[in-house]
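Here's the structure, in structure tokens; my notes come after.
A short reminder: the numbers here are calculations on the coordinates, not readings from a lab. The model shown is predicted, which means the values in this text are computed figures rather than measured ones. Positions of Cβ are generated from backbone atoms using ideal geometry, with glycine treated the same way; all protein chains shown enter the neighbour counts.
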Protein chains: 2
Amino acid sequence: MKKVINQPADFVDETMEGIVAAYGDRVHFLDGDRRVLVSGYPSKKGKVGIVTAGGSGHLPLFLGYVGAGMVDACAVGNVFASPAYTKMASAIRAVDSGAGVLCLYGNYGGDKMNFQQAIEDCEFDDIRCRSVLACDDVASSPRETAEKRRGVAGILYAYKCAGAAADQMRSLDEVAAVAEKAVANTRTMGVALTPCIVPEAGRPTFAIADDEIEIGMGIHGEKGITVEKMMTADRISEILMEKLLADLPLKAGDEVSVLVNGLGGTPAEELFIVYRRVAQILGERGVRIFMPHVGEFATSMEMAGLSVTLFKLDGELKELLRAPASTPFYTNANK
Amino acid sequence: MKKVINQPADFVDETMEGIVAAYGDRVHFLDGDRRVLVSGYPSKKGKVGIVTAGGSGHLPLFLGYVGAGMVDACAVGNVFASPAYTKMASAIRAVDSGAGVLCLYGNYGGDKMNFQQAIEDCEFDDIRCRSVLACDDVASSPRETAEKRRGVAGILYAYKCAGAAADQMRSLDEVAAVAEKAVANTRTMGVALTPCIVPEAGRPTFAIADDEIEIGMGIHGEKGITVEKMMTADRISEILMEKLLADLPLKAGDEVSVLVNGLGGTPAEELFIVYRRVAQILGERGVRIFMPHVGEFATSMEMAGLSVTLFKLDGELKELLRAPASTPFYTNANK
């Protein structure tokens, strides 16, 4: 196992220490707890708080979006594992300023169960909470049961729009409605080329042949739709786009943001080769692209592969997407 | 060879098409030439132009720093190969507005030869040029012959400071003096864990055993200083820092910016584990850190590994480093 780490059991805590060593002027631990990261950016009094949570190993996800105009706090779990509900509850309490808290996170069993427990605890203290779950991964369940889908890279758009809505001092129900609309308008399809290694396990999470790829694999190595022989970047892009467009029909004049997300081991050059073909396909349909994102936004450590996300815009979502935001891992200086 | 590409010969052009498809509102090809990228950001009349150039396969290097407050144009070569001198000359001509042009690039034979030819051509047209070469890679030559060192990730700091100086409407000689000071104050040491594959070659650029790492390897796989057995992140950090501090002595009260740069295949989590130890070592010496950079700034496609750069600051360099800058790959919104 060739990883630049110390003791595998210290992987998450040392990563967190490094992040706060680098960006301690902007984010900090809650009462010294390395598993709860809170924003140090100035925040408006009476703003709705936004909390997220999730397992480690996905940087910048999830904690990388803690900052101004996005998420206010994040509870941090072990690699690919949900944080304890007590950490989520601490995060909720830390960011409530009376207007309530939106819990915005990916649709995974552990996170769901723990957030429910955390919210129960916090509501006992009269903190009003709403939950919105990202479920953008088209590969993980058919359209009829879209609520069962996993949350992957597309959660970025929900963070961004809900964060901007909270910044505009909208109410908890209004911020939750924005997050719900963002989730409803987001679809992601991924492809994996290589596995990754969870430090404490020390061996690859799954096997994939040297000449094969897996379409639809999840960010923890969850089984995809099909295993295929390696193919060109254009063909991969076309397959991902076919699945996405079958699920989120787009017509001429529609506008989307596109996110081409690297899973960790795939060079940026290859992400742009995929973006090129995705933009061609959308262009042929007369669909316009606004604020594309190409890079690493939700990774699986060293896994090679990528995902394509389409985020269908309307006037409100477009305005919220382009609003300023600043975190140690994400900046939008309002174009 | 499991790369998300089409024909290997199209790798660079298709990457470039993807970049302009994504960011065409901010950067564009010069007269449709996919090998010359120029800034589309508003530029002050009479500003000194800054041109860079280099081989492909290092994103965000080199072209990723074309934008506002950094570089004005970049000539783009094949993977790990210098661009033709004609492309450099076109870039120089495109950005000269009468105040002259700084050619700021890494110290490699091909780039040097081609830039010399390009500058000769442009001076024939009465465009005044100055050259400054980044040579921050401590591993590539002893201190006595520092001018022979290769340029690696630390060139970021020269781009940033020279770009800010040009934005302040300083003269060509003044901008070149800033670039020279930035280069003189920058040291980088890298370590490689795995090789990368040049698309047209189709096989790894070098071999490295499953339990070994190479200290001091260059970003094209140039031979390093020693091959060692895999070791902890802390030990790797200590070895890199020992080499850096032997070459750039720092005392209590000194201030540096630190860049922990991923070479492509190494997860962000691991970069922060290294940053954590680097910050400890500097802290123990009473050296302060300003504006750390942790992420991918100069890669070698899918190569796993990282480099650590120290950039010693004085009042002038600190002010220039913190000045606003905006490119599709780099944003500093002035803290």
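Assign one of three labels to the range A:97-175, namely rounded, prolate or oblate, based on the Cα gyration tensor with a ≥ b ≥ c the square roots of its eigenvalues; rounded applies when a/c is under 1.5, prolate when it is not and a/b is larger than b/c, and oblate otherwise. Spell out each step's value before the answer.
Numbers: a/c = 2.76, a/b = 1.41, b/c = 1.96.
Because a/c hits 1.5 or more and a/b fails to exceed b/c, the range A:97-175 counts as oblate.
Calculate the mean, over all residues of peptide B:231-240, of how many other protein chain Cβ atoms lie within 10 angstrom of the residue's Cβ.
Values: counts 2, 5, 9, 5, 1, 2, 2, 0, 0, 0.
Mean shielding by partner chains, rounded to a whole number: 3.
Given points 7 Å out from each Cα along the Cα-Cβ axis, report the B:T145 to A:A252 separation in nanometres with one decimal.
Result: 6.5 nm between the two label points.
Please report the net charge: other residues with Cβ closer than 13 Å to the Cβ of B:G64, K and R +1, D and E -1.
Numbers: positive: B:R26, B:K160; negative: A:E269, B:E296.
Summing Lys/Arg as +1 and Asp/Glu as -1 gives 0.
Work out the mean other chain Cβ neighbour count within 10 Å for the residues of A:9-16 and drop it here as an integer.
Numbers: counts 0, 2, 4, 2, 2, 10, 9, 4.
Mean partner shielding for this stretch: 4.
Only bridges with both residues in chain B count here: give the DSSP antiparallel percent, nearest 5. Don't skip to the end; give the middle numbers.
Working: 32 of 53 bridges.
Bridges in chain B that DSSP calls antiparallel: roughly 60 percent.
For the range B:283-295, take each phi angle, set θ = phi - 60°, evaluate the Karplus expression 6.51 cos²θ - 1.76 cosθ + 1.60, and give the result in whole Hz per residue in order, putting x for glycine and proline.
The phi angles translate into x, 4, 8, x, 8, 8, 10, 10, 6, x, 10, 10, x Hz.
Give a residue-ordered list of calculated ³J(HN,Hα) values for the range A:14-28 (Karplus: 6.51 cos²θ - 1.76 cosθ + 1.60, θ = phi - 60°; whole Hz; x for Gly, Pro).
Result, ordered by residue: 6, 4, 4, 4, x, 5, 6, 4, 7, 10, x, 6, 10, 9, 8 Hz.
What's the FRET efficiency of A:S43 with B:E123 using the Cβ-Cβ distance as r and R₀ = 51 Å, to the nearest 0.05? Write out the running numbers ahead of the final one.
Numbers: r = 55 Å, r/R0 = 1.07.
For R0 = 51 Å, the calculated efficiency reads 0.40.
Beyond 31 Å between alpha-carbons counts as too far, so tell me which of B:K112/B:K318; A:K3/A:K148; B:K47/B:K243 fall in that bin. Please report the intermediate quantities before stating the final value.
Working: B:K112/B:K318 29 Å; A:K3/A:K148 34 Å; B:K47/B:K243 38 Å.
Over 31 Å Cα-Cα: A:K3/A:K148; B:K47/B:K243.
Determine which aspartates and glutamates satisfy two conditions relative to B:K223: a Cα distance under 19 Å, and not lying fewer than 8 residues away in the same chain.
By straight Cα distance, B:K223 reaches B:D136, B:D137, B:E147, B:D210, B:D211, B:E212, B:E214, B:E302.
Residue separation times 0.36 nm, minus the C-alpha to C-alpha distance between A:E228 and A:D25: what's the value?
On the way: separation 203, 0.36 × 203 = 73.08 nm, distance 4.63 nm.
Using 0.36 nm per residue and subtracting the Cα-Cα distance, I get 68.4 nm.
What does the charge add up to near B:R130, with Lys and Arg as +1, Asp and Glu as -1, over the other residues with Cβ less than 13 Å from its Cβ? Working shown, then result.
Details: positive: B:R128, B:R170; negative: B:D96, B:E123, B:D173, B:E174, B:E180.
That works out to -3.
Net charge near A:D111, counting Lys/Arg +1 and Asp/Glu -1 over other residues with Cβ under 12 Å of its Cβ? Don't skip to the answer; put the middle values down first.
On the way: positive: A:K87, A:K112, A:R150; negative: none.
Around A:D111, the surrounding residues sum to +3.
Among A:A134, A:S90, A:V38, which residue has its Cα furthest toward the positive end of the charge dipole of the range A:8-184, with +1 on Lys/Arg Cβ and -1 on Asp/Glu Cβ?
Toward the positive end, the furthest listed residue is A:A134.
Using the crude model of +1 on Lys and Arg Cβ and -1 on Asp and Glu Cβ, and no other charge, please compute the dipole size for the range A:32-90 relative to its Cα centre, in debye to 20. Intermediate results must be reported in sequence, preceding the final value.
Details: 6 positive and 2 negative charges, 33 e Å.
Using only the charged Cβ atoms, the result is roughly 160 debye.
Counting only other chains, what is the mean number of Cβ atoms within 10 angstrom of the Cβ of each residue in peptide B:17-27? It would help to have the intermediate numbers written out before the result.
Numbers: counts 7, 17, 8, 3, 12, 14, 4, 1, 2, 1, 0.
Other-chain Cβ atoms within 10 Å of each residue's Cβ, averaged: 6.
In the P(r) worked out for chain A, what percent of Cα pairs fall beyond 33 Å? Could the numbers behind the result be given before it?
Numbers: 12100 of 55945 pairs.
Counting pairs separated by more than 33 Å, the tail of P(r) holds 22 percent.
Kindly put A:T299, A:T331 in sequence by how many other C-beta atoms sit within 10 Å of each C-beta, fewest to most.
On the way: A:T299 25, A:T331 17.
Ranked by crowding around the Cβ, least crowded first: A:T331, A:T299.
Of all DSSP beta bridges in the range A:8-184, what percent run antiparallel (nearest 5)?
On the way: 7 of 22 bridges.
So the antiparallel bridges in the range A:8-184 amount to around 30 percent.
Apply the Karplus curve 6.51 cos²θ - 1.76 cosθ + 1.60, θ = phi - 60°, to the phi angles in the range A:240-253 and return the couplings in whole Hz, x for Gly and Pro.
4, 5, 4, 5, 5, 6, 5, 9, 10, x, 10, 10, 3, x
Using alpha carbons only, how many angstrom separate the centre of the range B:46-95 from the centre of the range A:103-163?
44
Build a GNM of chain B with springs between Cα atoms under 10 Å: which of B:G264, B:G18, B:G100 gets the top mean-square fluctuation?
B:G18
By counting other Cβ atoms within 10 Å of each Cβ, how are B:M301, A:M113 ranked from fewest to most? Kindly include the intermediate steps, with their values, before the conclusion.
Details: B:M301 27, A:M113 12.
With the fewest neighbours first, B:M301, A:M113 line up as A:M113, B:M301.
For A:T194, B:T205, B:T15, B:T188, what's the fewest-to-most ordering of other Cβ within 10 Å of each Cβ?
Values: A:T194 23, B:T205 17, B:T15 27, B:T188 33.
Ordered by Cβ neighbours within 10 Å, fewest first: B:T205, A:T194, B:T15, B:T188.
Give the percent of DSSP beta bridges with both residues in the protein assembly as shown that are antiparallel, rounded to the nearest 5. Intermediate results must be reported in sequence, preceding the final value.
On the way: 64 of 106 bridges.
Roughly 60 percent of the DSSP beta bridges within the protein assembly as shown come out antiparallel.
If you wrap a convex hull around the alpha carbons of the range B:186-313, what volume per residue comes out, as a whole number of Å³?
Details: hull volume 12.2 nm³, N = 128.
Spread over its residues, the Cα hull of the range B:186-313 gives 95 Å³ apiece.
Which whole-number percent gives the relative contact order of the range A:173-271, counting Cα pairs below 8 Å spaced six or more residues apart?
Details: 84 pairs, mean separation 20.4, N = 99.
21 percent.
FRET efficiency for A:T86 and A:F206, Cβ-Cβ distance as r, R0 = 51 Å, nearest 0.05? Each step should come with its number before you reach the end.
Working: r = 31 Å, r/R0 = 0.62.
Efficiency, from the Cβ-Cβ distance: 0.95.
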